[in-house]
Structure formats: C-alpha cells, structure tokens
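The values are calculated or read from the model by the stated rules, or taken from the named source; none is laboratory data. A quick note: this is a predicted structure, and the numbers were derived from the prediction, not measured. Here the Cβ positions follow ideal geometry from the backbone for every residue, glycine too, while neighbour counts run over all protein chains shown. Each accessible area value is taken on the protein alone, full model and side chains, heavy atoms only, with ligands, DNA and RNA left out. Shrake-Rupley method; radii C 1.70, N 1.55, O 1.52, S 1.80 Å.
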Amino acid sequence: MKTPTSSTETQLEIQAIMAELPPEVIINILSRLQVGRLLCFRSIAKTWRSLIDSPYFVDLHLEKSAEAKSHLSLILRKDSDLYYINFDSLDDAVELNHPLMCYSNRIRVLGSCNGLLCICNVAEDIALWNPSTKKYRVLPSLPSDRKRDSGMCLCGARVYGLGYDAGHDDYKLVRISQFIGLDYLSFESEVKVYSLRNNAWKKVEDMPYVLCYTRKMGILVSGCVHWVVTRQLELDQLATELVIAFDIVKETFREVPMPESMNRKCQIDVGYLGGCLCIVAKYEDAGVDVWTLKEYGVRESWSKLLTLTQARRIKSVRPLVYSKNGREVLLEQDHENLVWFDLKSQRVKSVKVRGLPDLFEAVVCMESLVSVHPSRRDDRKKQESVGGKKNKKRDDFLAEGFKLVL
C-alpha cells in the first residue's frame, strides 16, 4: 500500500521534475496554470515567488488566459452577496467572501477588468478587489456632489465604469454624476476619474448626454467604457438612444456609430461578448436582437448575431460568453436564469446550476494575478526596457535565476 506523501515531499518532487526542464518551458507551463495553483507554487522557493509576483509574469499569465479564453468565471450579485460559478463546469454557485461583507447591505458591481472587480455599497464605499488572490483596496471617498446652480436638483443618476490605461499601466474608475434641472428640461454632468497608480480622483471634461440607466455599470471594450444615453431630455416621447464611449487613455467621450440596418425604435443596452462590443435591442412587439461589432470603430462591421422571437415574455437579456466551440452563447435572462442559445438551431436550453440565487446580475471575470497595489513606475519601465519586443533577455534572466534555485 502506497503511503501518502507530505506537502514538503510533493514540493521536492516538483522541484526535481522542473529542474530537468528548460527554463522557457517552465515559464510557459506556469503561465497557463490557474491562479490557485500558482499561489501554492509561490511557497516552493523564493525565486518562484519572485517570478510569479513579477509584473512581467503577471502580464504573461494575463495574456495567455486572454488568448486561450481560459480561467473564466461568472460572478453573480444578489443584494449583499456575491457568488462564483466556474465557467468550465457551470455546476455550482459558491458564495464568496468579499471586502464589503461587514456592511450587510446591498452592493453593486461597478466594473470588471483583467481579473479585478470594483464593488460598492449603498454608502458608496468602493473597493477594488481581485477575487482570485483575495487582495483588495478601498478607494478614497468622494464627497456627495451638489451643484452650486440653484436651478439644479440633487444628483439624479450616477454610473461607473472600470478600465485599463495601457499607456500608463494604470487602472481607472470613471464616475459620471448627472444633475437634472428643476424644470426637467436642462441637465448637467460631472465626470471624475480615479487612478489606481496615483490613488486619487480628478475631474475631467463633462459629458453632454443624458444617461438612460441610472445604475448600469459601464461596459469595457477596446480601451473604452460604454453607456447608453440620449442627446436631450425627452419626457413625453421615446428618445432615440445611442451609445457613447469614454476613452480610458485620452479621457474623452465620443459617440459609437450604430448599425445602419437596425430599427432605432427600440430600447437598447450594451454588453461585451467574445472581445466585441454588443448591443441588445428590445422591441415592443418584435422580440430581441443582439448585434456585435466585429471590428471596433468600423460601423460596417456590425452584425446581427441572434434574435429571440418569444421576447414578449422576456424582460431583459444579457449576453455573457461564447461556449468553448463557439456555437452557443450563454445568456442571462430576466435576472433569473442562465440559458444557452444555439446559434445554428436558434434554440434555447436552460442551464441548471446548484445554489443559483433566485434573482441576480451576472458579470464575466477572468482569473488573474493583477495586483491592486501597482509596482513603482520606474521599476516597471526599467524592467520593460530589458530585452526586445518579445522580452527575450528578461525571460532568460528570470529563468536562469529560478533554475539555479532548483
């Protein structure tokens, strides 16, 4: 009978096996593992920890996950609770411990980017959190906005969106506060941006549009955060809705061209699906269409992905993710169900998940090692200057270091 091995013996066996492999192979293997396993491997050797914690490896792991569309999960929100569902199995909804649990009141998910979730409570305490590493950071608070103009009422709408500024290696949270005039004909907006690297808020240009949804998080696609808006207040008739984008790097707004063949007499929402911006168009009598923008910024690349013809009984639809073979789309329906939509047969199949809450909002999250405490800019630039475009010298340096330890 084989005796069970201890954790130390297992680690020694791993070290022995890894010592026989070329350094570049070891790094390649590690970069494809789940975060949970990598966190365990950090305890094997100091050089392993240095490698796994290095900004280079964090970026490499993120890149490999994005390319393979692996290590995906669903995060479900219900009131003050968050649940985790592994996308590969879709079998159990597991309740998560999150940074704002002690408040015991309703929370919101403000955004998702590169494995980071931004959540807040009713008091607008905001936390930037990595569910995979369990690390979080509470953001500096902002005072309640109140317009000086006596003709403006208190804040009528407030939305957020999370994004990544690749030019400055910085994660940013955008907050738009909107104020409606006492005559209900005028409006003003105030836009502030939080920088994780600077750990501070700043005011940027105002947004000259009216928000359509007061509590919808912005959708991040191609370095821009998106919301549904109108150009002016129209209370007596259905206003034409459009999509605006906030460029995370330039910190400016612009309109997104809509599909030319789409019937504009509808209620729209924005989403993210397979790396593309998508629009959900709900018609009063004709069902729901989902459009995807195959090439960001190119109006002609809009394509109708699917149509739900029995949508009179459907209150809301949110596309979440493609199946592994790309033939189905996972949808959140009415905040109550998860369903697969077969793109060929146009049929809908319910997904049975144990522990699924009765009402929820779902967001797709990718496991990552991204830190909520960014490395120093000077160290990052120095590290990025080693090696060429493929960072070969840096790879060799890191690999040699941890080969010696092994």
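A few notes on this one:
- So Asp378, is it at pLDDT below 95, loosely packed, with under 11 Cβ neighbours inside 10 Å and in a loop (DSSP other than H, G, I, E, B): no
- Within region 262-274, being exposed (fewer than 14 other Cβ atoms within 10 Å of the Cβ) and in contact with a strand residue (DSSP E or B) (Cβ under 8 Å, 6 or more places away or on another chain) holds for Asn263, Lys265.
- Residues being part of a strand (DSSP E or B) and either aliphatic (A, V, I, L, M) or buried (at least 20 other Cβ atoms within 10 Å of the Cβ) (or both) - total across region 165-174: 4
- Check on Arg49, under 23 Å from Asn97 (Cα atoms), open to solvent by 30 Å² or more (accessible area, probe 1.4 Å), more than 22 Å from the chain's Cα centre (by Cα) and not assigned by the TED database to the domain that holds Asn130: no
- Conditions (1) crowded, with 20+ Cβ neighbours inside 10 Å; (2) modelled with pLDDT of 90 or more; (3) in a strand (DSSP E or B): number failed by Phe179: (2)
- Matching residues, region 213-228, being at pLDDT 95 or above, among the β-branched types (Val, Ile, Thr) and under 20 Å from Val317 (Cβ atoms): Ile219, Val221, Val228
- Unique match (being in the same structural domain as Ala127 (by the TED database), open to solvent by less than 40 Å² (accessible area, probe 1.4 Å) and touching a residue at least 12 places away in the same chain (Cβ under 8 Å)) among Leu38, Leu76, Leu30, Leu60: Leu76
- Residue check, Ile119 touching a helix residue (DSSP H, G or I) at 6+ places or on another chain (Cβ under 7 Å) and open to solvent by less than 30 Å² (accessible area, probe 1.4 Å): no
- Neighbours by Cβ (under 7 Å, 6+ apart or cross-chain): first from region 256-267, in contact (Cβ under 8 Å) with a residue 24 or more places away in the chain; second of a type in the set (Val, Ile, Thr) and open to solvent by 50 Å² or more (accessible area, probe 1.4 Å): Arg264/Thr240
- Condition check for Val138: of a type in the set (Val, Ile, Thr), under 14 Å from the mean Cα position of the chain (by Cα) and at pLDDT 90 or above: no
- Failed item, numbered, when Asp236 is tested on (1) over 28 Å from Ala66 (Cβ atoms); (2) modelled with pLDDT of 95 or more: (2)
- Among the residues of region 182-196, those that are open to solvent by less than 50 Å² (accessible area, probe 1.4 Å) and either of a type in the set (Lys, Arg) or part of a loop (DSSP other than H, G, I, E, B) (or both) comprise Ser186, Lys192, Leu196.
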